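Throughout, read-outs are computed from the coordinates displayed, never taken from laboratory work. Quantities reported herein were computed from a predicted structural model and do not represent experimental measurements. Methodologically, a virtual Cβ is constructed for each residue, glycine included, from the backbone with ideal geometry; neighbour enumeration extends over all protein chains shown.
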Amino acid sequence: MRKQHSWRDPSRYVRQIHVEESCMDLSYTKEIIERAGLPVIVVPDREDPEGIRGEYPSNLSTGKHHLLLCKNRGHFFKPCPGTREYRCCDYQVLNIGMGCPMDCVYCILQAYLNKPWLSFFVNTDDLFDEMRQAFTRKPENFFRIGTGEFTDSMGLDRITGLSSKLVEFMVDQKQAVLELKTKSAVIENLEGLDHNGRTILAWSLNSTRVMQNEELRTATLEERLAAAAQCAKWGYRLAFHFDPIIYHQGWEDGYRETINRLFQVVPAEQIAWISLGALRYLPSLKTIGTSRFPGSRIFYQEFIEGLDNKKRYFRPQRVKLYKHIYSLLKNYAAPKTCIYFCMESDEIWKEVMGYIPDDRGGIPMMLDRTVNH
């Protein structure tokens, strides 16, 4: 069962800050250091922080105590790495850092990254410049942007305060919306901001059993929903992601409980979209997940290799999960809320929802319609 200690703010797991030498003079770095109130070690540029023993991934839990403030020397802004074989929503990823203070058994980052510490990019002037250039290059495009691809959008926000900077930047961007997706309940920096509807606050949800057993150092269901309800009062639109949906004993009642509670607490008319995606993972993740979390059973089920080379539940199993959850959501969701699949085939769409995305202009247009009117 969930331990009594609350992890609504997972940044409290961080105990040590490391700073690249060239970042020490940045005003934003100084702001973060002062706010965090943690010990600071300066490291040479491009070098690894010291003091993290062991080999990856066995040292991941220890590594998450350490936060490196550094420069992103690559691109901040790029398309989501979707797969041609399954329907993608044309999401744009804003890369604000790497790694997450939370620890979910199924997290793909365990297999995708190869460094145990958390990284946060402090050269935000470059980040905002890159976004402006992208918007200028394609003025006819509408951008749906998210920061939750390689980290949790809000998991470190008490320390970084980045959310308020992003919200203030987005306020005048008529051709874009920003989605901040989290499993935390850290929303304090969002209060009182003029967001002009350009920022959407999103939460990943699951059955309470999955949240308790497979999502370590995350906010409880009640904490996540209370945070969402508060953001709704501040005028933000919301989104929710049931991904990964995991087959487990009592799953029907588990997802019913979560969905019932969601719509008891959160105003349906302020939900822009809800996504569904069954558990899928790189084959290498099973080795990592089972070694780090020997008590978890989620990888010990029947899977098939999908067209994207990821392990997935067999199609009949996915359809059974989806039909149950989709029917529950349809009972409550507002007509304008877009319910969609993340990375699924037209066959699944047709069997569960009765149509394929092209019937309604494609997933990007379905989503854009909910926020761009």
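For the reader, a short list of remarks on this structure follows.
- Ranking Leu68, Leu190, Trp349 by Cα position along the charge dipole of the chain, where only Lys, Arg, Asp and Glu carry charges on their C-beta atoms, puts Trp349 farthest toward the positive end.
- Loop-located GluC sites (Glu not before Pro) in the stretch 54-163 (DSSP state not H, G, I, E or B) with no more than 14 neighbouring Cβ atoms inside 10 Å: Glu55, Glu85, Glu140.
- Pair Arg261, Asn331: separation of 7 Å Cα→Cβ label points (nm): 1.7 nm
- Comparing Ser61, Ser204, Ser327 in a Gaussian network model of the chain (Cα springs below 10 Å), the most mobile by mean-square fluctuation is Ser327.
- In the stretch 20-58, the trypsin sites (Lys or Arg not before Pro) that fall in loop regions by DSSP, at most 15 other Cβ within 10 Å: Arg46, Arg53
- Loop chymotrypsin sites (Phe, Trp or Tyr not before Pro), the stretch 292-348, which have at most 13 other Cβ atoms in a 10 Å radius of their Cβ (DSSP): Tyr300, Phe314
- Local net charge near Phe314, Cβ-Cβ under 14 Å (Lys/Arg +1, Asp/Glu -1): +2
- Neighbours of Asp48, meaning other residues whose beta-carbon lies under 12 angstrom from its beta-carbon, give a summed charge of -2 when Lys and Arg score +1 and Asp and Glu score -1.
- Within the chain, percent of DSSP bridges classed antiparallel, to nearest 5: 25 percent
- Spacing of the two label points (7 Å from each Cα toward its C-beta) at Tyr112 and Lys71, in nm: 2.5 nm
- Label-to-label distance, nm, for residues given as Trp234 and Phe128 (7 Å Cα→Cβ offset): 1.9 nm
- Whole-Å distance, taken between Cα centres, linking the stretch 328-350 and the stretch 280-315: 24 Å
- Protection-proxy order for peptides 16-22, 222-228, each taking the mean of Cβ atoms within 10 Å per residue, highest first: 222-228, 16-22
- Between Asp346, Asp359, Asp308, the GNM of the chain built on Cα springs shorter than 10 angstrom shows Asp359 fluctuating the most.
- Structure-derived Cα extents along the principal axes in Å - corresponding label in (1) 137, 74, 44; (2) 70, 47, 46; (3) 57, 48, 38: (3)
- Rounded to the nearest 500, the helix-only mean residue ellipticity at 222 nm of the chain stands at -9500 deg cm²/dmol, with each DSSP H run of n ≥ 4 adding -39,500 (n - 2.57).
- Shown for the stretch 28-146: lysine pairs separated by 8 or more places, or found on different chains, whose C-alpha atoms are under 26 Å apart, numbering 8.
- Taking the DSSP bridge list for the stretch 247-358 and keeping only pairs wholly inside it, about 50 percent are antiparallel.
- Among Gln173, Gln270, Gln249, residue whose mean-square fluctuation peaks in a GNM of the chain (springs only between Cα atoms under 10 Å): Gln249
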